[in-house]
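Student: This is the structure, below, for whatever I ask next.
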Amino acid sequence: MTAIATVGDTARAAARKIIEEFPVKAAPVPVERIVKARGIVLQYAPLADDLSGMAFIRDGVRIIGVNALHHPNRQRFTIAHELCHHELHPDHLRDEVHVDKAFRVLLRDGVAAQGTDRLEIQANAFAAELLMPRVFLNELVDAAGLDLDDDARLEALARKFRVSTSALRFRLGARE
Ligand SMILES: [Zn+2]
């Protein structure tokens, strides 16, 4: 049977390339430094609670805006998500300011996904892989896997990666 590439595969591959090139040796991934090293300007501003962040290009300058009122771990996910839009969807950003409301992290990662959903699926897959790289997860989670109901263990792992436990739970559930 031939493996069918999903929409997220391209995004995960792009994230892994960044981890290798930066390079990042261990969790937590320094997402702010990665963004700045790529010449992207990071701006923090207090935004409405349902706004996570935005990505846009102004006068040729690539900019990521982050909701400064959100939890730092959530800001990290936002920054990684917006970085994906700059890396993979620059044409989209030239036309308009991409504004992200609370991320729909449970969007299905399928070949049929189209349009805006496709961009968001890619950005979430990219962010998950960038902040919780497969190679680091494999080192920390034994072959038998991890009981997703083991809250203490999940919380400890999430602290290590500086992500929310819900992001980690989703990542582990969808590990590939
Ligand atoms: Zn987005």
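Every number here is computed from the coordinates shown, using simple stated rules; none is lab data. These figures come from a predicted structure and were not determined experimentally. Note: ideal-geometry Cβ built from the backbone for every residue, glycine included; neighbour counts use all protein chains shown.
Student: Under the definition of Cα pairs under 8 Å and six or more residues apart, what whole-number percent is the relative contact order of the chain?
Tutor: Computed value for the chain: 28 percent relative contact order.
Student: Additional query: Can you give me the distance in nm between label points at Glu96 and Asp49, each placed 7 Å from the Cα along the Cα-to-Cβ direction?
Tutor: Each label point is offset 7 Å from its Cα along the Cβ direction, giving 2.7 nm.
Student: If you don't mind, another one. Please report, largest first and rounded to whole Å, the three semi-axes of the ellipsoid equivalent to the chain, where each semi-axis is the square root of five times an eigenvalue of the C-alpha gyration tensor.
Tutor: In descending order the semi-axes read 25, 19, 16 Å.
Student: Now, a different point. Sequence neighbours fewer than 8 away in the same chain don't count; with that in mind, list the lysines whose C-alpha is under 21 Å from Lys160.
Tutor: Lys25
Student: Nearest 500 deg cm²/dmol is fine: what mean residue ellipticity at 222 nm does the chain get from its DSSP H runs of n ≥ 4 alone, each adding -39,500 (n - 2.57), divided by its residue count?
Tutor: -15500 deg cm²/dmol, from helical runs alone.
Student: If you place +1 on the Cβ of every Lys and Arg and -1 on the Cβ of every Asp and Glu, how big does the dipole about the Cα centre of the stretch 2-63 come out, in debye to the nearest 20?
Tutor: With only Lys, Arg, Asp and Glu charged at Cβ, the dipole is about 280 debye.
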